[in-house]
């Protein structure tokens with residue numbers, strides 16, 4: 001009888017499954033690294049919102065006064081644009097192509113499961129948004145002399161950011177989960193450009209034709225911008241209506257994305 005080489009202790013024993021949290025954090029870190037590696041993603045999520053804030057503050061033609069500087073209007077709009085870039089454009093495009101290549105399906109069927117995938121993508125978006133906010137506020141305060149108004153409300157700002165993220169992430173996942181990757185790419189970029197015009201970001205809604213302004217006011221970009229402006233104290237108004245509009249869109253898109261998202 002031939003001798004056999006003894007197996008090392010523990011050989012043949014299945015590896016212990018990582019915890020849910022550890023898998024989610026690992027995948028979230030991977031998602032964030034992918035964002036940093038994509039040049040077009042960096043352009044949309046970081047460069048364009050900061051550029052809008054700097055350029056339009058320098059060349060503002062909407063009649064800012066000493067009591068109301070251009071940055072007072074443009075900071076809320078730039079933050080809105082950053083949220084749209086991270087939670088709609090970047091998320092939709094990356095998820096759409098991952099779905100087309102079968103990556104999403106494999107991850108969903110892996111030990112990680114779909115809940116880890118959703119949690120990791122959500123965490124990655126939140127981290128990107130935090131970096132965006134720090135960058136934009138630093139530019140506004142350090143370079144443009146921004147100060148929050150006396151009616152500023154941090155809870156309102158945080159609430160607007162949460163609802164805006166849910167609304168645009170829901171729309172992004174709805175697109176990525178139902179359309180072809182190429183269609184998602186085109187539509188996400190189109191919505192980003194339309195938000196610049198109809199979101200109260202670079203142009204106040206009252207500068208638009210009355211009919212367009214009425215429609216734009218009930219869409220999520222303008223609702224987010226107005227809510228942030230009120231929260232930052234640059235606009236004195238009741239935030240109930242824009243926040244209610246934003247909450248309605250958030251619920252609608254989240255429900256549609258959950259029901260209609262296809263993993264393959």
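The values are calculated or read from the model by the stated rules, or taken from the named source; none is laboratory data. Quick caveat, the model's predicted, so the values are computed rather than measured. Cβ placement follows ideal geometry from the backbone for every residue including glycine, while neighbour counts extend to all protein chains displayed.
Does region 141-155 contain at least one residue that is surrounded by fewer than 16 Cβ atoms within 10 Å (Cβ to Cβ), in contact with a helix residue (DSSP H, G or I) (Cβ under 9 Å, 6 or more places away or on another chain) and on the phi > 0 side of the Ramachandran plot? Within region 141-155 (the criterion being surrounded by fewer than 16 Cβ atoms within 10 Å (Cβ to Cβ), in contact with a helix residue (DSSP H, G or I) (Cβ under 9 Å, 6 or more places away or on another chain) and on the phi > 0 side of the Ramachandran plot), the answer is yes, since at least one residue qualifies.
Of the residues making up region 210-227, not a single one is in contact with a helix residue (DSSP H, G or I) (Cβ under 9 Å, 6 or more places away or on another chain) and closer than 14 Å to residue 92 by Cα. Counting only helices (runs of 4 or more DSSP H) that sit completely within region 88-182, those holding 3 or more residues that are modelled with pLDDT of 95 or more correspond to 113-142, 154-178.
Within region 232-256, the set of residues being buried (at least 21 other Cβ atoms within 10 Å of the Cβ) and within 17 Å of residue 92 (Cβ to Cβ) comprises 249, 250, 253. For region 222-231, the criterion of a residue being surrounded by fewer than 16 Cβ atoms within 10 Å (Cβ to Cβ) and either within 29 Å of residue 180 (Cβ to Cβ) or modelled with pLDDT under 95 (or both) is satisfied by no position.
The set of residues in region 201-223 that are farther than 18 Å from residue 171 by Cβ and touching a residue at least 60 places away in the same chain (Cβ under 8 Å) comprises 202, 203, 204, 207. Output the residue which, of all residues in region 189-203 that are modelled with pLDDT of 90 or more and in a loop (DSSP other than H, G, I, E, B), is farthest from residue 222 (Cα to Cα). Result: 201.
May I ask you to say which residue of 202, 197 is buried (at least 17 other Cβ atoms within 10 Å of the Cβ) and within 20 Å of residue 55 (Cβ to Cβ)?
None of the others qualify; the one that does is 202.
Given the criterion modelled with pLDDT under 95 and exposed (fewer than 14 other Cβ atoms within 10 Å of the Cβ), identify the matching residue among 211, 186. Steps first, please.
Numbers: 186 fails: modelled with pLDDT under 95.
None of the other options fit; the residue is 211.
Assess whether residue 177 counts as being under 14 Å from residue 83 (Cβ atoms) and buried (at least 16 other Cβ atoms within 10 Å of the Cβ). Talk me through it step by step, then tell me what you get.
Details: under 14 Å from residue 83 (Cβ atoms): no; buried (at least 16 other Cβ atoms within 10 Å of the Cβ): yes.
In short, no.
Counting only helices (runs of 4 or more DSSP H) that sit completely within region 1-79, those holding 2 or more residues that are in contact with a helix residue (DSSP H, G or I) (Cβ under 6 Å, 6 or more places away or on another chain) and at pLDDT below 85 correspond to 20-37. Taking the conditions (1) under 30 Å from residue 145 (Cβ atoms); (2) more than 20 Å from the chain's Cα centre (by Cα) in turn, residue 240 satisfies each one other than (1).
Has region 161-168 got any residue that is over 20 Å from the mean Cα position of the chain (by Cα) and without any contact (Cβ under 8 Å) to a residue 40 or more places away in the chain? Checked region 161-168: no residue is over 20 Å from the mean Cα position of the chain (by Cα) and without any contact (Cβ under 8 Å) to a residue 40 or more places away in the chain.
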